[in-house]
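The values are calculated or read from the model by the stated rules, or taken from the named source; none is laboratory data. The structure displayed is predicted, hence computed values, not measured ones. Don't worry about glycine lacking a Cβ; one is built from the backbone with ideal geometry, like all the others, and counts go over all protein chains shown. Accessible surface areas use protein heavy atoms only, side chains included; no ligands, DNA or RNA. Shrake-Rupley method; radii C 1.70, N 1.55, O 1.52, S 1.80 Å.
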2 protein chains.
Amino acid sequence: MTDISRPATSPGASPLFLREDEIRRGVELLYFGYTRLTNAIDQELAKQGLGRAHHRALYFIARQPDLTVGELLRLLAITKQSLGRVLKELHDRDLVVTKTGALDRRQKLLRLTDNGAALEAELFAQLRERLSAAYVTAGQESVSGFWHVLEGLVPESDRQMVFDLRKDKS
Amino acid sequence: MTDISRPATSPGASPLFLREDEIRRGVELLYFGYTRLTNAIDQELAKQGLGRAHHRALYFIARQPDLTVGELLRLLAITKQSLGRVLKELHDRDLVVTKTGALDRRQKLLRLTDNGAALEAELFAQLRERLSAAYVTAGQESVSGFWHVLEGLVPESDRQMVFDLRKDKS
DNA sequence: GAGATATGTCAGTCATGTTGACGTATCTTG
DNA sequence: CAAGATACGTCAACATGACTGACATATCTC
């Protein structure tokens with residue numbers, strides 16, 4: 001949070017603001033980095049007859065077991081109708097199970113089955129391979145910077161939700 | 001391309017490879033950072049009745065005037081049929097013009113019209129606002145790290161193409 | 001008991017990608 | 001110069017994953 005006091009609305013105050021090329025470089029690297037990373041798992045997904053939408057759900061359920069449907073909706077920022085179809089397919093394929101919430105019986109808590117966990121692990125291995133290669137090449141200091149800039153791209157209103165992924169529930 | 005000599009294929013050499021949480025943190029930040037940044041311009045695009053696919057084309061044509069259709073296809077990594085529809089719409093709306101290549105008359109060189117350039121600038125302003133705020137908050141060192149890690153995510157085979165965006169065509 | 005909330009579902013639509021096939025103009029090469 | 005490769009365009013059919021709008025049910029909260 002260094003330099004937070006510098007007004008982003010005052011272009012003259014920061015040389016960064018004026019350098020169009022530095023902004024474009026970030027836009028492009030973010031685009032290529034993100035799309036190429038996600039491409040890495042498409043082939044694996046296609047084998048199972050699943051799409052990226054399924055992977056995103058699997059990923060977050062793996063990351064935070066007993067996630068509720070509502071929490072997952074907020075993470076994915078899609079409509080419940082869209083998510084409903086995805087969850088139904090994952091359930092039909094025995095990759096995800098739901099149980100009724102203990103505290104609030106209206107909620108459904110999502111968990112991966114053993115099959116689901118195995119598939120998620122296989123997909124995650126692809127991501128790990130690519131990302132750890134990039135981490136190693138860039139070095140630890142760069143990794144911190146990478147995280148730091150990306151955190152700044154997440155709107156304030158979503159930041160807590162994203163950080164909470166790192167904590168266990170309960 | 002510094003550190004290129006460090007073997008990315010030697011997992012044991014770095015504790016990073018074993019830390020699942022650091023990989024997941026990168027995956028999540030990349031996902032949220034990328035999607036939230038692109039969301040930032042959706043509203044503006046919707047006003048014009050355009051989608052993200054149109055923006056991607058506008059962006060790269062702005063970035064490298066006289067880009068050929070084939071080059072744009074390689075950047076976007078989609079089929080010519082998909083791109084054809086997008087370019088047709090941009091042309092119909094007087095945002096893009098094509099001219100026949102001087103050296104190779106089979107090629108079509110793409111350029112933004114004044115309207116197209118104005119729209120692209122308006123959309124770019126949104127990206128600049130978000131990214132420069134993140135850059136300023138994170139600091140210059142972090143920005144370098146951000147770039148460095150992302151470069152490592154771009155497959156070797158695409159890297160030259162991405163770097164070439166920074167050069168003018170001659 | 002009344003209203004808010006969490007979830008599910010039906011139905012229709014849209015944006016954006018895909019495959020496959022085919023046509024034309026132009027360049028390159030034997 | 002003829003033959004083949006290349007750059008681009010286009011028709012048609014289809015898949016995925018989003019969307020809106022409407023409505024149903026169970027459960028919680030006050």
**Complete:** Yeah, region A:44-103 with a ≥ b ≥ c from its alpha-carbon gyration tensor (a/c under 1.5 is rounded, else prolate when a/b outruns b/c, oblate otherwise) is prolate
**Fill in**
Taking the label point 7 Å from Cα along the Cα-Cβ vector, the copy-to-copy distances for A:Arg52, listed from shortest in nm with one decimal, are 0.6
**Fill in**
Once amide hydrogens are built 1.01 Å from N within the peptide plane, the residues lying 5 or more places from A:Leu67 or on another chain with amide H under 5 Å from its amide H are A:Leu110
**Asked** What figure in square angstrom, to the nearest 10, would you give for the accessible area of A:Glu20 with a 1.4 Å probe?
**Response** 80 Å²
**Complete:** Per the C-alpha gyration tensor (a ≥ b ≥ c, the square roots of its eigenvalues), the protein assembly as shown is rounded if a/c is under 1.5, else prolate if a/b beats b/c, else oblate; here it's prolate
**Item:** Exposure of A:Lys80 as accessible area (Å², to 10), given a probe of 1.4 Å and all protein chains
**Value:** 150 Å²
**Prompt:** Short version: what are the Cα gyration tensor semi-axes of region A:21-164, square root of 5 times each eigenvalue, largest first, in whole Å?
**Reply:** 29, 19, 14
